[in-house]
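The values are calculated or read from the model by the stated rules, or taken from the named source; none is laboratory data. In this text, all values refer to a predicted model and were calculated from it rather than measured experimentally. Cβ placement follows ideal geometry from the backbone for every residue including glycine, while neighbour counts extend to all protein chains displayed.
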Amino acid sequence: MVKFLLLFTLVPLIEIWLLIEVGAIIGSVPTILLIASTGFVGVFLAKYQGLAVLRKMQMEMEAGIMPGDPMFDGACILIGGALLLTPGLITDLVGFSLLLPFTRIFYKAASQKYFSRRMEEGTFQVWWR
């Protein structure tokens, strides 16, 4: 719970500070245009990547394979697109890294390591209603 409190408090504060600093260096209009352009590019990139992942999932399901990797990619694309729509430079960088296939590999490896460790420790829990 404390992690989420810090996440939703510190990240916006750092984003605001960074936007003020960048605005002081390049000006307010270029900063606003930068933020808006990352949102537009992010929407198109998320749509393109999302459609590619949907095609891959469909092909794997037609072949009788459970589409585990495409499902993870789809989740990354969803989160990355949401981060790109959020105004800020740090969230834009993380959002773009989630949308690009060659950087998603690192997120995939880190999450597999995290969940494997939690399962080995016996601290992995799933709640279902």
Cβ-Cβ under 7 Å pairs, at least 6 apart or on other chains, the stretch 24-45 side more than 20 Å from Ser97 (Cα to Cα) and modelled with pLDDT of 90 or more, far side β-branched (Val, Ile, Thr) and surrounded by 12 or more Cβ atoms within 10 Å (Cβ to Cβ): Thr31/Val22
Pick out the one residue from Ile77, Ile105, Ile90 that is touching a residue at least 60 places away in the same chain (Cβ under 8 Å), on the phi < 0 side of the Ramachandran plot and of a type in the set (A, V, I, L, M, F, W, C). Ile90
Could we say that Ala63 is out of contact with any helix residue (DSSP H, G or I) (no Cβ under 8 Å at 6 or more places or on another chain), among the hydrophobic types (A, V, I, L, M, F, W, C) and free of Cβ contacts under 8 Å to residues at least 40 places away in the same chain here? yes
For the stretch 16-35, which positions are in contact with a helix residue (DSSP H, G or I) (Cβ under 6 Å, 6 or more places away or on another chain) and within 13 Å of Asp92 (Cβ to Cβ)? Leu18, Val22, Thr31
Checking Asp69 against (1) acidic (Asp, Glu); (2) at pLDDT 90 or above; (3) closer than 27 Å to Phe124 by Cα, which test does it fail? (2)
